[in-house]
Every structure is written in structure tokens, then in C-alpha cells.
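For reference, the structure is listed below as C-alpha cells.
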Amino acid sequence: MFQSTTTEAPQTFSANNLEVAFCTRSNNELKLAHRLYSMMGNQTLVKMGGAATNLALKLHLPIKGLIKKTVYQLFCGGETADEAQKVIQKLAKARVHTVLDYAAEAQEDEAGFDKVRHEILRNISLARKTRAFSYISVKLTGLGHKKLFEKLHSKISLTLEEHAAFNRTEKRLDDVCRAAADAGITLYIDAEESWMQDPMDELAETMMRRYNKGRAVVFNTLQMYRTDRVAYLKACLERFKDEAIVVGIKIVRGAYLEKEQERALKYGYANPVFTRKEDTDKSFNDAIDICLDNIQRLELCAATHNEYSTTYLTKRIRQGDLKAYEHRIHFSQLYGMSDNLTFNLAAAGYNASKYLPYGDVATAVPYLIRRAEENTSIAGQMGRELQLLEQEMHRRKL
Ligand SMILES: Cc1cc2nc3c(=O)[nH]c(=O)nc-3n(C[C@H](O)[C@H](O)[C@H](O)COP(=O)(O)OP(=O)(O)OC[C@H]3O[C@@H](n4cnc5c(N)ncnc54)[C@H](O)[C@@H]3O)c2cc1C
């Protein structure tokens, strides 16, 4: 299997080496990224752009070429998994792993769920054949209907028909987990909205119990902006205490903050997410500590663009007692974002990866709009990206 990291002990990590950070980006790519991130700073433009893009695609207006040459190029690997190979190879040269992500959003019918299952199985075969990547992400609403997850989460009984549909969902997931276990591939199950998460957690735990023998084939994702996730993490570890499996935990802060708050307000239940960023940050960093305390029976993926959390984890890895378990600790960022973290982590000898979405332009548009919306805050990610790009352009005298 693809081994990109060095066998030497990881070095001190610094996110500041921009030459390393942008080693895979040509001058033209840098300029394009700079132009796009500058445009994302304009909230009105992003809001109007998102709506206009959706409308134009519905009306079959010829805008795919424009999207493909701009925002798509920044955040996506290609229209097919084969097309994404070029980016995968480029990342591998810089010792960065790829988490291949089929960008299709939630599906609506059995044909859609079967297509996603087929696509993931195909990617597992591709990974096995090419040995170029060994991580794949899975969205459970791609394999089964979100209404089923919502009903089960709310403890509403399923009809016989729905029950059969849920069994088919579990079977699809089992098929991809079994294939991943056989092929030496790792599957990251993404976390989605809190109101469907309980049955998703149950499915993830069932698959871990079945396949995480000797290594974590299956990872569940925990959104640490949720007020209950530290407790869930502890309870999950307690459940697996006496079992001979390796628990797979990917931690994120969480992508649906506003949606979660708005829904809780609308239906009058307690807000499931923190309202202060510092509480989410603390919960994320506490989860790092809990995972590291249990690293003998766990693999951790810290999926974040946050420099403090990333640096904190590298510092803990370099402390003597974790040396034997470095291979169990992964870092991941989204393709097109926080290159200063990913490439400097990889160069310093840590397991670093990029989530690399692929899919035809129309399929990827909702993902792209989310990325654009997430990057509109000058105080947040967009400001960080622009600053780094400007510094690197200055260094290259562009
Ligand atoms: C590789 C990878 C995989 C991912 N997979 C998933 C996934 O499966 N599911 C998912 O939901 N997300 C996923 N995400 C997105 C992730 O949840 C975050 O939205 C995103 O990474 C930004 O958080 P951060 O830790 O990178 O950085 P930061 O910029 O430090 O944090 C921003 C995050 O902090 C939280 N936050 C901001 N303001 C507040 C506030 N006022 N109160 C409380 N919390 C606040 C929000 O979660 C926000 O997204 C993934 C991200 C990466 C990098």
C-alpha cells in the first residue's frame, strides 16, 4: 500500500514555510487561487453567485466550462476518479495522502444509492490496483435515504417497506467496508446533521466491530461543535473497552453550525451545538487528549484547518510516550485549503492528507458553493488563505 511518510521520527512542525506549502502550485495556479479567494470575500457576490450557478445549471446554460476553469479547479480533483489521478500523484510526490471523496450529495432513490455504492467499490479497486491512495470518504446519505436516518434518530418506527430499505442501506455500507478491509483501504464515514446522527453512529460502530481487526478500516466522524460529543466519545470507548478492535475516530469541528441553530430554534428543542467558538475549540482539543490517552486501541484523524489544534497535536506526538503510535495519528485538510498545514506536516514526517472531491461539474456544485460560503469571512479561513497566497506571490515576485 502507498506509504508516503518517512520512517524517521516527525520533526518540529511549523506552518510557516510557504515554499513547501505551495510546492505543487504553479504561478498561474497561485494567481487563480488569489483571484478566487478575493472574490469569495464578497458575501453578496457569493450568495448571488451560488443562486445564479444553480439556476444556470438547471436552465442548461453553458457555464460548466467557466466553473471548471475556476472554482472547480481550486477545490476538486477532476470529473472522474481516473481524472483525479493526476492530482493524487502530485500530492503523493509531496508525501501527502489522498482521501478520495465522491462529491455526490445526498441521493433520493435506490438507483442513486446503488450508483454511490458502485462508485466507492470501483474506487477501492482502483486504489488496490494503482496503490496511489488508500483513504476513501463515505457519506451515509449517499447510501440510504435521509428520511430513514431521521425517523430512526427520532425513535419513530419504520414501516415494513422502510425497514427493508434500511437493511439495503446497511448492506451497501457492509459491502464497501468488507471490500475496504480486503484491499487494505481506510474508510472515513462523514458526519452529517445532528438530527440523523444516532443511527449513523450505530452503523459506524457495527462496521468497526466487524472490520476493525488489527487496524482501523472504518472511522466514524465526531463533530466537536456538538455539546454531547465528548460524552459520546467517552461512552464509545467504554463500549469497545473489552473488544479486540481498533476504534477509528475522525474529529472535526462541524460544518452545519447555522443550520443546527436555526432548526433547534424553529422546532423549539435545546440547541445541540455550542454558541461560542472557544467552546468548540476546547471540545476539539479535549477530544484530541482523550484519543491520545487511548491510542493503544484507537486511530485518530484530526480533520481541521485550525493551526492551534494541529500544532498542539504535533507537539503531543513528539512527546516520548506517543512515539510508538505515530502511525495511528492522521491529519487532514480539504484540497484547495490550508496548504501551509498539509504540506508542512508531510514534509516534517507526519501522516497528512487532503480530502479530494471529484465528480462532474453539476454534481460538485453544492460542494463548491459550501466551500465558497465557508470562505467568505475575512476574519476566518478566507483571510488566512489570502494572506498566505499574497506572501507566496510576493516571495515569487509575481
Ligand atoms: C478533512 C476534513 C473532513 C471534514 N469532514 C467533515 C464531516 O464529515 N462532517 C462535518 O460536519 N464537517 C466536516 N468537515 C468540516 C469541518 O467540520 C469544519 O467545518 C471546517 O473544517 C472548519 O473548522 P476548522 O477546525 O477547520 O477550523 P476553524 O476555522 O478553527 O473553525 C471553524 C469552525 O468552528 C466552529 N464555530 C465557528 N463559530 C462558532 C461559534 N460561534 N460557536 C460554536 N462553534 C463555532 C464551526 O464548526 C466552524 O466550522 C471536514 C473538514 C476537513 C478539513
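Read-outs: derived from the displayed coordinates by stated rules, not from any lab. Fair warning: this is a prediction, and the values are worked out from it, not measured in the lab. When we count neighbours, we look across all protein chains shown, and the Cβ atoms used for this are built from the backbone with ideal geometry, even at glycine.
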Legend entry - Estimated distance in nm for a label pair at Gln73 and His394, the labels positioned 7 Å out from Cα along Cα-to-Cβ: 2.6 nm
Legend entry - Other-chain or far-sequence residues with amide H under 5 Å of Phe13's (modelled H): none
Legend entry - FRET efficiency estimate (nearest 0.05) - Cβ-Cβ, His327 to Arg122, R0 30 angstrom: 0.60
Inset, instruction - Mind sorting Cys23, Cys177, Cys291, Cys236 by how few other Cβ atoms lie within 10 Å of their own Cβ, fewest first? - result: Cys23, Cys236, Cys291, Cys177
Legend entry - Gaussian network model of the chain, Cα within-10 Å springs - most flexible of Ala364, Ala15, Ala270: Ala270
Inset, instruction - Excluding residues on the same chain fewer than 8 positions from Lys315, give the lysines whose Cα lies under 20 Å from its Cα. - result: Lys250, Lys282, Lys323
Inset, instruction - Using a/c under 1.5 as the rounded threshold, could you call region 119-268 rounded, prolate or oblate? The axes a ≥ b ≥ c are square roots of the C-alpha gyration tensor eigenvalues, and prolate needs a/b larger than b/c, oblate otherwise. - result: prolate
Inset, instruction - Going by C-beta contacts inside 10 Å, put Ser157, Ser338 in order with the fewest on the left. - result: Ser157, Ser338
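Hey, with R₀ at 35 Å, roughly what FRET efficiency would Arg276 and Arg239 work out to, going by the Cβ-Cβ distance, to 0.05? Can you show the working numbers first?
On the way: r = 30 Å, r/R0 = 0.85.
Once the sixth-power term is evaluated, E becomes 0.70.
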Legend entry - Among Ile67, Ile288, Ile156, residue whose mean-square fluctuation peaks in a GNM of the chain (springs only between Cα atoms under 10 Å): Ile156
Inset, instruction - Please report, in whole Å, how far the alpha carbons of the chain spread along each principal axis, starting with the longest. - result: 63, 58, 46
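Report, in debye and to the nearest 20, how large the dipole of the chain comes out about its Cα centre when Lys and Arg carry +1 and Asp and Glu carry -1 on their Cβ.
Values: 57 positive and 51 negative charges, 204 e Å.
Once rounded to the nearest 20, the dipole reads 980 debye.
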Inset, instruction - Choose one answer from Ala94, Ala346, Ala264: the residue with the largest mean-square fluctuation in a GNM of the chain with alpha-carbon springs under 10 Å. - result: Ala264
Legend entry - Whole-Hz couplings from phi, Karplus 6.51/-1.76/1.60, listed for region 280-293; x for Gly and Pro: 5, 4, 5, 4, 5, 6, 5, 4, 4, 4, 4, 5, 5, 5
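Give the relative contact order (percent, whole number) for region 79-372; include only Cα pairs under 8 Å separated by 6+ residues.
Working: 467 pairs, mean separation 61.6, N = 294.
Across region 79-372, relative contact order equals 21 percent.
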Legend entry - In sequence order, calculated HN-Hα J values of region 10-27 (Karplus, 6.51, -1.76, 1.60; Hz; x Gly/Pro): x, 8, 4, 9, 9, 7, 8, 7, 6, 4, 5, 3, 10, 4, 9, 9, 6, 4
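Can you give the helix-only mean residue ellipticity at 222 nm for the chain, where every DSSP H stretch with n ≥ 4 adds -39500 (n - 2.57) and the sum goes over all residues, rounded to the nearest 500 deg cm²/dmol? Write down the numbers at each step before the final one.
Details: 17 runs with 211 residues, N = 398.
Helix contribution divided over all residues of the chain: -16500 deg cm²/dmol.
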Inset, instruction - Order by neighbour count: Asp109, Asp339, Asp190, fewest other Cβ atoms within 10 Å first, most last. - result: Asp109, Asp190, Asp339
